[in-house]
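Here the structure is laid out as structure tokens; the discussion comes afterwards.
The values are calculated or read from the model by the stated rules, or taken from the named source; none is laboratory data. Everything numeric in this text was worked out from a predicted model, so none of it was measured. Every residue, glycine among them, receives a Cβ derived from its backbone with ideal geometry; neighbour counts consider all protein chains shown.
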Amino acid sequence: MRATMDTLNTLDDWLAHCEQLHPKAIDLGLERVREVAKRMGIGFACPVITVAGTNGKGSTCAMLESILGQAGYRTGTYTSPHLVRFEERLRIDGEPASATDLVAAFARVEGARGTNGAAISLTYFEFSTLAILDLMARARLDAAILEVGLGGRLDAVNIIDSDCAIITSIDLDHTELLGRDRESIGREKAGIMRTGRPVVVSDPVPPQSVLDHALEVGADLWRVGHDFNVSGDKQQWGWVGRSRRYTGLAYPALRGANQLVNASGVLAALCALRESLPVTAQAVRNGLAMVELPGRFQIVPGQPTLVLDVAHNPHSVAALAANLDAMGYFPTTHAVMGAMADKELMVMLAKLGPLVDRWYFTDLPTPRAARGIDLKSQWQVHNTRQDAYAHAFASPMLALQAAVAAADPADRIVVFGSFYTVGGVLQQGVPRLHAKHLNP
């Protein structure tokens, strides 16, 4: 191990090393991760909130982080995947972790997992999760926010016993690993619950398996529509829970109708944790008003308008379609799309088909991705619009450049389908578009 450690000097070195350690990209199970964590002594002295769900996890974590930060707490937030840089996966007090600190944490994981034939094999996600949890445990946090990577019950994050669990919307995704229906997937998500501790379910129509598991383990279930409710009009909204109410709230800074559901779950979790993490009404108002999260129905001003959304399954693409429809009239909508080959691609294409006039399908830098030319072929087989057309490109940036060249100033361009797709157009920062027609 010593010789190997000597050659691992940068974060990129460590990430490349992690990709070679395990024969599978995903190997659900906690025994190996739990053993290495035990050797490292990873543990938290502060309240921990764990967030699982199909969609809305990142937004929920961002709102929690923003409100708790406004309340004066030192927060640590772990989310995945990242858009551009790995360091984005861990934020301490709202700032990305440093590569230097991550390199040191990766080295500690490597030291703890053993040597040569006795070494415990870890996947990329497991290894990096342990490094991030180790950094968080050392950061003297007031609150830790952990986003589940995949599922819940067997996800590496679940080695930590949370003080409050949040389960956001549940829909079909990763069915080959989690199950073919919402009940099976819900059962996996429910694995983050703990006996006697609150679990907030913000899905308005949760699978019965989630409710049953809460009863089985004796968790304190907070369910939207039962233990807390939301109401509102075009200007403001309100929240009522078991022992608290908020009125006259401004809508969350994160755009999209689905964000109100996420925000309601956040307020329920904070209400459930009020003894250990009290927050003022002003912290709630400021936190919701100031929350930021790139790539979640992010509208970038310019000509044409640019919309960035990491929607990558039918449920999130349906939400994207509804949000796009609510934006109002645009002469032409251009869509840059890259996606994983194992997704329900035709369903995703069908949901946006009526809204998109020009398609720019793109390759992505991962073996899991569908090729742009294959996406284009699938679209062509089912396309019924005579006025729509499509092209394929080698990268998201090339696809975006083609869309900008073809667009008029009053059009809009939507980039969606994967974190890789959105991340691919953010490599040099957030693009500020200027259609060619505006150039002198």
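From the set of residues in segment 44-57 that are closer than 21 Å to GLU126 by Cβ and at pLDDT below 95, which is surrounded by the fewest Cβ atoms within 10 Å (Cβ to Cβ)?
Out of the qualifying residues, it is LYS57.
Can you give me the number of residues within segment 319-342 that are crowded, with 16+ Cβ neighbours inside 10 Å and without any contact (Cβ under 8 Å) to a residue 60 or more places away in the chain?
Number satisfying all stated conditions: 1.
Pairs needed: first member in segment 371-390, within 10 Å of PHE361 (Cα to Cα); second member anywhere, part of a loop (DSSP other than H, G, I, E, B) and small (Gly, Ala, Ser); C-beta distance under 7 Å; at least 6 residues apart or different chains.
Taking only residues 6 or more apart or on different chains, the pairs are GLY372/GLY338; LEU375/ALA339.
Failed condition for GLY302, given (1) touching a helix residue (DSSP H, G or I) at 6+ places or on another chain (Cβ under 9 Å); (2) farther than 21 Å from PHE228 by Cα; (3) at pLDDT below 95, with all others met?
(1)
Within segment 192-207, can you find the residues that are touching a Gly at 6+ places or on another chain (Cβ under 8 Å) and farther than 17 Å from ASN55 by Cα?
Within segment 192-207, THR195, GLY196 qualify.
Would you point out which residue out of SER162, SER121 is outside any helix (DSSP H, G or I), of a type outside the set (Phe, Trp, Tyr), buried (at least 21 other Cβ atoms within 10 Å of the Cβ) and in contact with a Lys or Arg (Cβ under 8 Å, 6 or more places away or on another chain)? So that I can check it myself, show each step before the final result.
Values: SER121 fails: buried (at least 21 other Cβ atoms within 10 Å of the Cβ).
On inspection, the qualifying residue turns out to be SER162.
Pairs, please: C-beta under 6 Å, at least 6 apart or cross-chain, first residue in the same structural domain as MET63 (by TED's automatic domain parsing) and under 27 Å from ASN262 (Cα atoms) and in segment 120-148, second of a type in the set (D, E, K, R) and crowded, with 21+ Cβ neighbours inside 10 Å?
ILE145/GLU65; GLU147/LYS57; VAL148/ASP155
Identify, by number, the condition in (1) outside any loop (DSSP other than H, G, I, E, B); (2) aliphatic (A, V, I, L, M); (3) under 21 Å from MET63 (Cα atoms) that LEU141 doesn't meet.
It fails just one condition, (1).
Is it the case that ASP155 is within 19 Å of the chain's Cα centre (by Cα) and under 17 Å from HIS22 (Cα atoms)?
Yes.
Quick one: PRO206 ticks every box in (1) surrounded by fewer than 17 Cβ atoms within 10 Å (Cβ to Cβ); (2) at pLDDT 90 or above; (3) not in a helix (DSSP H, G or I) bar one, so which box is it?
Against the list (1) surrounded by fewer than 17 Cβ atoms within 10 Å (Cβ to Cβ); (2) at pLDDT 90 or above; (3) not in a helix (DSSP H, G or I), PRO206 comes up short only on (1).
Check ARG368 against each of (1) in contact with a Leu (Cβ under 9 Å, 6 or more places away or on another chain); (2) closer than 23 Å to HIS82 by Cβ and name the one condition it does not meet.
(1)
Only residues that are basic (Lys, Arg) and part of a helix (DSSP H, G or I): list them for segment 235-289, please.
ARG285
For segment 332-341, name all the residues that are in a loop (DSSP other than H, G, I, E, B) and over 18 Å from the mean Cα position of the chain (by Cα).
Correct list: THR332, ALA341.
Considering only residues that are surrounded by fewer than 19 Cβ atoms within 10 Å (Cβ to Cβ) and of a type in the set (D, E, K, R), which ones fall in segment 389-415?
Hit for segment 389-415 is ASP408, nothing else.
Could you grab the pairs with beta carbons closer than 8 Å, sequence gap of 6+ or different chains, first residue in segment 98-118 and surrounded by 15 or more Cβ atoms within 10 Å (Cβ to Cβ), second one small (Gly, Ala, Ser) and assigned to a helix (DSSP H, G or I)?
Within 8 Å, the pairs are LEU102/ALA131; ALA105/ALA131; PHE106/SER128; PHE106/ALA131; ARG108/ALA131; VAL109/ALA131.
Could you please let me know if ALA322 is out of contact with any helix residue (DSSP H, G or I) (no Cβ under 9 Å at 6 or more places or on another chain), more than 21 Å from ALA410 (Cβ to Cβ) and either in the same structural domain as THR421 (by TED's automatic domain parsing) or in a helix (DSSP H, G or I) (or both)?
Yes, satisfied.
If I go through segment 58-81 residue by residue, how many of them are surrounded by fewer than 22 Cβ atoms within 10 Å (Cβ to Cβ) and at pLDDT below 95?
Residues that pass the stated criteria total 2.
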